[in-house]
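First up is the structure itself, then whatever we jot down about it.
Read-outs throughout are calculated quantities, based only on the coordinates presented, and are distinct from any laboratory measurement. What you see is a predicted model; the values in this text were computed from it and never measured. A quick note on method: Cβ atoms are made from the backbone with ideal geometry, for glycine too, and the neighbour counts reach across all protein chains shown.
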Amino acid sequence: MQVLAIESSCDETAAAVVVDGRVARSSIVASQIDLHAKYGGVVPEVASRQHLRKIIPVIEEALEAADCTLDDIDAVAGTRGPGLAGSLLVGYNAAKAIAFGRDLPFLGINHLEGHIYANWLVEGPEPRFPALALVVSGGHTDLVFMRGHGEYERLGGTRDDAAGEAFDKVGRLLGLPFPGGPHVAKKALEGGKSSLHLPRARMGGTYDFSFSGLKTAVLHIVHAGQYSVPDIAWEFQEAVVDVLTEKTSRLAQELGAVEVLVAGGVAANQRLREELRERCPVPVRIPPMHFCTDNAAMIGAVAGHRFGLGQRSPLDEDIFTTNQWSRV
Ligand code: KG4
Ligand code: ZN
């Protein structure tokens, strides 16, 4: 089954052609980073308007890169949420319109489920269950237990900032460009252990996270002056990676998970990839970088699976904007 998938939940306009939920024949992503950089964050209205400009060209490019036309497409999927309402509406309505115009089956897909299913786009044997998923993106930090396809039990998550959000805010405090995550990671390469110590919120042994204290600690250091940007970046990254890794490996052990699936933009972080692989008691899967950050191939991966099970969404289905694991 060949699915045309569309994603526009935040500031990336993306389309992909995915076969049987496992092979991305194309994956086109038009980033808006340059547009938002001068504001230091994503401006929702600017994002929606840019999606309007880009959505059709990006879909055309995805079809062309997959060497096919709409005649070769069997079904259409679009990201339904969570995300920015104005952004979601553009891609979701484009997907609906194509499905309607071509009389094709349609599915609305949860963006977070998409991040996890990026792990199905990697060549080789499929992930096995029960699995523990760590979803770390700009808006979410969740530990989710999967007993099977489409079965999600959220067992932990952030009580304040998401991991990516913390990277972005610290990047801004250190005067680094938007989005902070990759820039903090790059600066950290020049830094190392110093007398600086940042707190690690263990949250009393629960599987929840808190990153706002860490951010405040960085703020105090910056206000006090006399600091090294690379050393703060290094210590901050180590603190985030340490708690994410410690809780993920402990929960995987406790649940008897046979694999850990890592997902979301922060999964592109090299130190996180290394530490998880070293400290988790079971094999750790992490998608290649281009499938960690927002893309439409991951939406096609979920859709391939769900279409295979005969699932369909009605064309009058609404979007949703907040994190809801029950809405998958
Ligand atoms: O999943 P994603 O592309 O979009 C959301 O759904 O939020 O994640 C974006 C987040 C941003 O906060 C970005 O700073 C972070 O992922 N990120 C990173 C790295 N690359 C992207 N954070 C740390 N290290 C990286 N290498
Ligand atoms: Zn995302």
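Arrange the following residues from fewest to most other Cβ atoms within 10 Å of their Cβ: M298, M1.
M1, M298
Could you point to the residue in G181, P230, V136 farthest towards the positive end of the range 129-286's charge dipole, with +1 and -1 charges on the Cβ of Lys/Arg and Asp/Glu respectively?
Value: P230.
Just how far, in whole angstrom, is the range 1-74 from the range 144-166 if you go by their alpha carbon centroids?
Value for the Cα centre distance between the two parts: 25 Å.
Given a cut-off of under 8 Å on Cα pairs at least six residues apart, what relative contact order in percent is computed for the chain?
Once divided by the residue count of the chain, the mean separation gives 25 percent.
Take every DSSP beta bridge whose two residues both sit in the chain, then give the antiparallel share in percent to the nearest 5.
Of the beta bridges lying entirely in the chain, close to 60 percent run antiparallel.
Looking at the range 129-286 only, what percent of DSSP beta bridges run antiparallel? Nearest 5 please.
That works out to approximately 55 percent antiparallel.
Can you return the lysines within cross-link range of K187? Criterion is Cα-Cα under 24 Å, with same-chain partners fewer than 8 residues away left out.
Correct list for K187: K38, K169, K215.
What's the exposure ranking of E7, E123, E317, E278, going from fewest to most Cβ atoms within 10 Å?
With the sparsest Cβ surroundings first, the list reads E123, E278, E317, E7.
Treating cross-link reach as a plain straight distance, find the lysines whose alpha-carbon is under 29 Å from the alpha-carbon of K96, omitting any fewer than eight places away in the same chain.
Once the sequence-local lysines are set aside, what remains near K96 is K54.
Can you check what the net charge comes to around T245, using other residues whose Cβ is under 13 Å from the Cβ of T245 (Lys, Arg +1; Asp, Glu -1)?
Net charge in that neighbourhood comes out at +2.
Lys and Arg at +1, Asp and Glu at -1: add these up for the other residues within a Cβ distance under 13 Å of T216 and post the number.
0
In 20 Å bins starting at zero, report the fraction of Cα pairs in the chain per bin as a rounded %.
Calculated over all Cα pairs of the chain, the distribution is 33, 56, 10, 0 percent.
As a check on your grasp of the helix formula, calculate [θ] at 222 nm for the chain: sum -39500 (n - 2.57) over DSSP H runs of n ≥ 4, divide by the residue count, round to the nearest 500.
-13000 deg cm²/dmol
Select from P314, P283, P105 the residue whose mean-square fluctuation is largest in a Gaussian network model of the chain (Cα-Cα springs shorter than 10 Å).
Among P314, P283, P105, the largest mean-square fluctuation in the Gaussian network model of the chain belongs to P314.
Rounded to the nearest 20 debye, what is the charge dipole size of the chain about its Cα centre when +1 sits on each Lys and Arg Cβ and -1 on each Asp and Glu Cβ?
700 debye
Cut-off is 10 Å between beta-carbons; in what order do D316, D74, D231 appear when sorted fewest neighbours first?
D316, D74, D231
At a temperature of 25 °C and a viscosity of 0.890 mPa s, determine how fast the range 51-96 diffuses translationally according to Stokes-Einstein, using the Kirkwood radius over alpha-carbon pairs as Rh; express D in µm²/s, rounded to the nearest whole number.
214 µm²/s
Given G148, V90, I109, which one lies farthest toward the positive end of the charge dipole of the chain, if we put +1 on the Cβ of every Lys and Arg and -1 on the Cβ of every Asp and Glu?
Result: G148.
Which Rg and Dmax, in Å, describe the Cα atoms of the range 76-229?
In Å, with Rg to one decimal and Dmax whole: 19.6, 64.
How big is the charge dipole of the range 129-286 about its Cα centre, in debye rounded to the nearest 20, if each Lys and Arg gets +1 on its Cβ and each Asp and Glu gets -1 on its Cβ?
With Lys and Arg at +1 and Asp and Glu at -1, about 120 debye.
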